[in-house]
Each structure stands twice: as C-alpha cells, then as structure tokens.
1. Anything losing 50 Å² or more of accessible area from the isolated chain to the full protein assembly: pick those residues out of the stretch B:1-27, probe 1.4 Å, ligands and DNA/RNA ignored.
2. Between A:HIS164 and A:GLN419, what is the spin-label point distance in nm, taking each point 7 Å from the Cα along the Cα→C-beta axis?
3. What does the copy distance list look like for A:ARG24, label position 7 Å along Cα→Cβ, in nm and ordered from shortest?
4. Which value, in Å², gives the accessible area per residue of the stretch A:424-463 when a 1.4 Å probe is used on the protein heavy atoms?
5. Could you give me the ³J(HN,Hα) list for the stretch B:105-115, computed from phi with Karplus coefficients 6.51, -1.76, 1.60 and θ = phi - 60°, whole Hz, x at Gly and Pro?
6. Under the rule of at least 5 residues apart or a separate chain, name every residue whose amide H is placed under 5 Å from the amide H of B:TYR238.
7. If you put a point 7 Å past Cα along the Cβ direction, how far is that point for B:GLY262 from the same point in each other copy, in nm, smallest first?
8. In whole Hz, with x marking every Gly and Pro, tabulate ³J(HN,Hα) for the stretch A:93-104 from phi via Karplus 6.51 cos²θ - 1.76 cosθ + 1.60, θ = phi - 60°.
Number of protein chains: 2
Amino acid sequence: PEKLKANVIEVFKKTKKLRQDDPRRVTHSLKVGLALTLVSLFYYFRPLYDGFRVSAIWAILTVVIVFEFTVGATLSKGLNRGFATLLAGALGVGAHYLACLSGEKGDHILRGLFVFLLAAASTFSRFFPRIKARYDYGVLIFILTFSMLAVSGYRDDEILKMAHQRLSTILIGCTICLVFSIFICPVWAGENLHNLVTVNMEKLASFLEGFGDEYFKMTEDRERVVILIDDKSFLQGYKSVLNSKASEESLANFARWEPGHGRFGFRHPWKEYLKIGALTRQCASQVEALNGYITSETQVPQEFQRNIQVSCTKMSSESAKALKALASAIKTMTYPSSADHHMANSKTAVNDLKTMLKAAMPENTDLLEVMPVATVASLLITIVTCMDKMTESVHELARLAHFKSVHPIVQQEFQRNIQVSCTKMSSESGKALKELASAIKTMTHSSSTDRHVENAKTTVNDLKTLLKAAMLENTDLLEVVPATTVASLLIKIVTCTDKSQSPFVSLPN
Amino acid sequence: PEKLKANVIEVFKKTKKLRQDDPRRVTHSLKVGLALTLVSLFYYFRPLYDGFRVSAIWAILTVVIVFEFTVGATLSKGLNRGFATLLAGALGVGAHYLACLSGEKGDHILRGLFVFLLAAASTFSRFFPRIKARYDYGVLIFILTFSMLAVSGYRDDEILKMAHQRLSTILIGCTICLVFSIFICPVWAGENLHNLVTVNMEKLASFLEGFGDEYFKMTEDRERVVILIDDKSFLQGYKSVLNSKASEESLANFARWEPGHGRFGFRHPWKEYLKIGALTRQCASQVEALNGYITSETQVPQEFQRNIQVSCTKMSSESAKALKALASAIKTMTYPSSADHHMANSKTAVNDLKTMLKAAMPENTDLLEVMPVATVASLLITIVTCMDKMTESVHELARLAHFKSVHPIVQQEFQRNIQVSCTKMSSESGKALKELASAIKTMTHSSSTDRHVENAKTTVNDLKTLLKAAMLENTDLLEVVPATTVASLLIKIVTCTDKSQSPFVSLPN
C-alpha cells in the first residue's frame, strides 16, 4: 500500500511536469474529448443516424485516429485518409464490376487475386523511405478500403452505397478534426520545428558560453578543479541536440502540409530548417568531443594555458553569442546581421590564437601536457568553421523566407535618438536666420537671434554627447551614415548661422 | 513521355535495390497479401459470415493494421489491440448499464460525459514517454472501442453481442497475423537489433581501420593528398551510426514482446544492446570529429608526424580490431576474449605514444603546425577510452545473456594441433620403456628400443615446430597452459627415456 501511494504520487508529479512543460497538451486532450463527444451526437439525432446507420462508426474511428497533436500531422493523416479512401473506393468499385462480369467461380478467384496483388504491392511500397515518411497511413487505408469493398461484394450489391457512406462519414470525421485542430488553440508543426531549431541552437550556445570559464577556471585556483557534472546542467543540455534528427524530420514533414499561419507562409522553406538542424548537430558532435576535456584531469602547464586562454575563451564566447544572435534572428524572423559581427570576432580570435601559438611555444614544453589544451583549441576552431556554415544557412533561410530586414529598425532607433536634436538644431537655426533677416530688413537689433543661435549650439553639444553614447553595440556603420551625415551638415549650418550672426552682434542698437 | 520513362526506370531501380537490400521485404509483402486473402474468405463461407455479419470487417481491419514487418511489432500491436478492446469493452458495457439506470435525459448526458472524460484522459496519457513508446496504439484502440460502445447504446441493446463480436473478430484477425508473422519466414525485431548493433560497430571499425593509412598516406607521397571523400565510402559509413538511436530504441521495444527464438531467450537482455549502441554513438561522435582532420589540408612537419605515425596507426587499427572482435563476439554469441587482447594492444599504443610525445618534441617545432596531428592523437586516445567502456558493456551483455565461453573451443583447436604429437610422444616413450624392460628382463639387446626413442625424439621436434607455428593470433596464454604443460612434461619424459635407454646401448649383444 505504501508502494502504491508512492507510485500514485510519482504519476501525479509526472503529470504535473508534462502539463507544465507544454500546457498545449492539456488543451489538446480536451479538444479530442470535445470532438469525440460532438461526433457521437450523430447517434443522437435520428435523421442523421438513419442516413448512415452503422457507417456512422467510421466517423468516430476517423476522429480517434486522425486527430493528432499538431495541425500538420492531423492534416497529413486526414488528407491521406480521405484520398486513399477515394482512390481505393474507385478501384474497389471497378474491381467489383470486373469480378461480376466473370462467372460465379471466376468471381471469387478474381476477387481473391485482386486483394492479394494489391495488398502485396501496397505493403511493399511502404518500404520506400519517401512513401513511408509521408503516405504510410494513406497506403494502409488504401489496402483496408479496397479489401473491404472487394470482399463485401461477395454478399450484397449495395457496394456503391457502402462506398458513398464510408467516404462521407470519413469526410465528416476529418472535417471535425480539422476544424478543431486549426481553429481551437492550434498547435502548428511548423512553429514547433521553428522553436526546436532555435532551442537547440540556444542549448549549444549555453554550453559554449560556459565552456571557456569552466575549462580555464583552474588558472585562478592554481589547481585542477574536477567539475561536478551534476551541478553544471547547462553543460549537458546539448546532449539532446545530438538525437534531434528524427523529430525535426517528422515535424518538417508535417509542416509541409500546413497552410500559412501566423508569421509562416504556405511555402515557408522548412527544408532550410533541416539544413540548419543538421549543422547544429554537427556542431554538437564537436561539442561532445569538447565535453570530454572538461572532466579530464590532465595537468596542463600554467604558462602555456594562460597564453591561449584569452583566445579560446573568446572563440568560445563569441561563437556562443553568434549562435544566440542566429537563434534570436530566426525567432524574431529578422536578418541575422548582428551574428556576422560575432562571427567576425570569433574568426579574429582564431587568427589571434594561431599567431600566438606560433610565438608562444615555451622552450621546454612537454608536448604530452600541452596536448589536451591544443585539442580543445583545435576543436574550438572546428566549431568556429562549423558556425560559419551555419551562419550562411541562416542567411539563406532569411533570404528564402523573406525575413524582415533589420536595417530600417536600427536606423529608426538611431534616428529617434538624434531626431530631437536635429529637428531642434534645424528649427533654431531657421528661427535665428529669420530673425536675422528681419533685423536686417527693419535695421533693428534683434536680441532673440542671439538666443536662437545659443539654443542651436546647446543642441549641437547635446547631439555630440548623444552620439557618443547612442552608438548601439551591433550597429552597422553603413546604415547609420545617412542620419549622421544629416546631423553633421546641420552642425555645419549652425556654425555658419553663428558666423553670419556675429557681424551684427557688434552693431550698435 | 521521356521524363515519364525515366521516372519509371528510376522506380524500378529503387524497387530492385529495396529488394536486394533486404529480401525479407518481398516475403513480408506476400505474407500480408496471403493473410488478407485468407481473412477475406470469411465472407465466402456462409456459416462464418452469418455468425459475424458486418463485424467481419473488423477482422480485415485488424489484419491490415496489426501486421507489421517484425514479429515484435506485430505482437505489440496485436496484444495492445486485444487487451485495449477487452478493457474498453468491459468499461463500455459498464458505462452502458450505468447510463441506462438514469432517465432518458440523464442517459444522453452521462454517455457524452463518459466519452469526453475518457477520451481526454487517455489522450493526455499518450504524452507520457513510456506509454507513447509501448502502448500508444492500445490507448487509441481503447478510446475507439469505448466511444463506439458507449455511443451505440443510444440505438440498440445488442451491446453485449456487439462487444462480443468485435472482440472475437479482432482475436481472429490477430491470430492470423501472429501465425503468419511467427511461422512463415519470421522477421524478429530482436535479431534485427542484434544485427544493427553489430553492423554499427563494424562500420566504426572500418573507419578506424582505414583512418590510420588514409591520414598518414602523405608521408609516402611527400605531399598532402587531398582525399576524395567520394572514393572512400568506407570512411563515410559511420555517419548512419550517429542517427541510429530511434531505430535501436523502437527495435528494443518490440524485441521485449517477442518469445524466445533461435539463439535468443525470452528474457534476453535487450537493454544491454541499447547501452552498447549508446557507447557506439559516443564513439561515432569522436570519429565525426576525427573525420574533419582527414580532409583538412594542414601542413604538418614530416619529422613530427613520422614520430607518432606508428602509435596512432596502431591505436586506430587495434581499436578497429577490438571493435571487430566485439562485433563478431556478439554475432556468434561467444565471450569477447579476443577483444581484450586488442584492447591491451591499443592501450599499449596509447602509452607508447605518450612516452614518445614526451621525448620526441623537436626543438623548433611550430605548435600551430603540430596541432592537427596532436588533436588526431588526442581524439584517438579518447576513442580508446570509449572502446574500453564498450568492451566492458559487451562483457556485461555476454554475462547476462550467457554467451558461450570461448575457452574450450580455443583449447580444442590448439589441442587438436598438439594432440597428435603428444600422443605419439607418449606412446613411443611407452613402447620404448616396455621394450627396454623386456630387454632387461630377458637380458637381450633390443634394437627396436632405439627406434622408438628416435621416433619419440622426432616427434618432440615436430611438436616444437608446431608450437612455434600453431600459436593462434588471439590465443589467451592462460587457456593454453594446461596443454603446453602436458606437452612440456612429455618432452621431459622422452629425454628421460632416452637417458635410461643410453646405458644399454653400449652393452654387448
């Protein structure tokens, strides 16, 4: 009884965790329950039931089997089921009439032969990898419907009615599934794929982010710290990336069936996600090799290590930043321009390391002791190369999926910062010039000119301070140039206005 | 039309390849065809049909859906279907009577509520990874049967009959599937897993076997040979190992359902295969990192490379041999004793390399140039460590699965080699002693003693030659000791006999 209690508590905990990990699971369960209850109403309304009779069971069956977690999977199964039934229905009716043409004996033999041949051929077709991935369920339903039609002809001639009933009940079931799946809290396979790919990239990033510090921690402690893996869960997150191929591929398969939704168009390039996923796994493979060196207790000469520590940590952390930038670019569907910056940094770190390695070799270094660190450095270099390919892939995805260009946004942000200053500079200069003109016209002394010029000058200083501070971390200078040119010219104008006003300052009132 | 022709040819080629890769696929397709034809005979025999009527369709449905490629998968689906139907049937009938007890209005509401609650709860349970892996299909059938029973009660009270019909037709379908699956050219999931694990190990082995030569080829050519990957397919075989997790796990899941067959008992430790598979993938991950260095065109100082080439090649080739030995041990289900020998060799190579690295560092070595080779060496060392764990796992498997001890076999082979010699030594010495004794007794000179001693001595020489040649490559010396001791003592006896005979030789006739 105590054991039972413990088991029950265990199940409760797991249930809670499942729910917290993805609350959509609960919604999905409720949706399935609702859809089934709805479809069972068929039995309740006499007119509907009388139309279909026993065939109404197919509607229930369809809902139970077709309703999957993601919209794509539901669509895929529903369409497979619908088209397979249609095709098998047509063939089955054809086979039925063909069999009827021959005599009583020939009829039986022909029907048996049809079933045997079609079942064998269709079953074999399921071994083709492409059919297996996309149409497996359709082939199953095809065999099923055809056999049922071909065989039930033995008994009654209501075959057309039966085909019609089966098709329409299946259509009803599929429709209910699709409506529930698409319009009530939909779970899109495409979105899941999109998230899975970015989450995987982030997992790798958090390893690389922590790796440099973890690995080189010893220099501070002056002693090798054996790192307790258990405490460093962020270093283990990447493991799940290694085995993500199957789920990514099935999600991509389902995503192809989905209509456009949210930020994803109908022909969203899902294949590119697979390419990025493959590169992520390649990277994870290198990380797996790297991981072996965190825990290995090799003694590394302090001097040598200090020499390459900076470069390695930089390579690692910049790669991590690049990965995060790529992931967030995919997430927000913007061009991954900030990743380029980090990639450039990590490449610089690679070159720094190479230069350093040429120079830094102390005379009495024991190669054996150096080897682990050298391997780590070497693996990090491979990771940077791999990251380079990944950046390319993400750019390709951005191009194909028409990601928003991030340029105007950066400009806008920057512009907003200097807009106030520039507008003020411009307007104050304008006012000053107007005052000056009217002063000359009326040959009076205008004290307000002075004030406007002073205002404009203050704004110039404000702007300069602003420019010093406002430079965003990852700003592409090229994008900023137009705005700064405007600012620069306005400053010139203020200076000019100042000069054109000065002769008048000394004039007598 | 030309394109169509090309497509048709393409499909034909693929079909041929699928057939050649695994001829069991064709057999499976034919089996499915036969089973379906057989089950459709239900419609043909009037008495059977009259017993089941429309329900006979469930038998066809069961065959189409339950009949899977492997016995384990068929069993798993069949049992899931059977038990789920039984359980849902019982619950459904219960719910029916409960609903009947309440009034007309309450009846409808109660039925709807039952369906909703059970469907939602069951659907949620499918998110539990363990249920998903093993009982997914069962839960589906449970929902289906329960809804059908609960709902059809709206209309008729033949619910018990319906439950009974459905259960018996499903049982008939499952039985046909199982009979065809188990008794006609069975495809066992366990055997497939067994083969998959060994094939994966062999793929790694063929990479490691070729790696040393490929990587160090340059020393002969005095120039870096960029290796054309396309020509070296054996270096690419390991890639499929990286993604084998899903298929291994599903096979292991199915294997648990299978009865004992061939060399596998009912409680064969399939989980151990998963452990070995995981280690193989870990190893493959290192190999993936290693693979990057075959194609990289780094310039390595010749001198340094020659220094470690022998060790690295040995590490790589001995690991490959150990892997092959492990794979063949699993294949033949014998203790992997010969792998230990190779593991010891590769560990020696690791130590040799370490010693060499300490000594071999030339004074002006550029560390940057040395790095790739050092990384390769380092990765190879990691692979040897990984291999060590794998050897342990295979030993564990051998222990749990009661693999045949290979010892008597080796002894027998060895014994057969020296048996002839020993028997001859023994019998000739015996004859010589007898002759000698009778010669002393009768106080005559026995010329034949001389001959027998000579014969024995020749045999001793034969044996020595034999021993030099006969030492099997992987012989464990410990196993050989008993036989060699016998031989050694017999040699001593021959010498003794020779000595005891010599005083008589000089005697007068």
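The values are calculated or read from the model by the stated rules, or taken from the named source; none is laboratory data. Since the structure is predicted, the reported quantities are computational estimates derived from the model, not experimental observations. As a convention, Cβ positions derive from the backbone with ideal geometry for all residues, glycine included, and neighbour counts pool all protein chains shown. Please note that ligands, DNA and RNA were not included when accessible areas were found on the heavy atoms of the full protein model with its side chains. Shrake-Rupley method; radii C 1.70, N 1.55, O 1.52, S 1.80 Å.
1. B:LEU18
2. 6.6 nm
3. Nearest first, the other copies' label points are 3.7 nm away.
4. Details: 2310 Å² over 40 residues.
Ligands and nucleic acids excluded, the figure is 58 Å² per residue.
5. My calculation for the stretch B:105-115 gives 5, x, 3, 4, 5, 4, 4, x, 5, 4, 4 Hz in order.
6. Correct list: empty.
7. Inter-copy label distances (nm, one decimal, shortest first): 4.7.
8. For the stretch A:93-104, the Karplus-derived couplings read 5, x, 4, 4, 5, 4, 5, 5, 5, 7, x, 4 Hz, x marking Gly and Pro.
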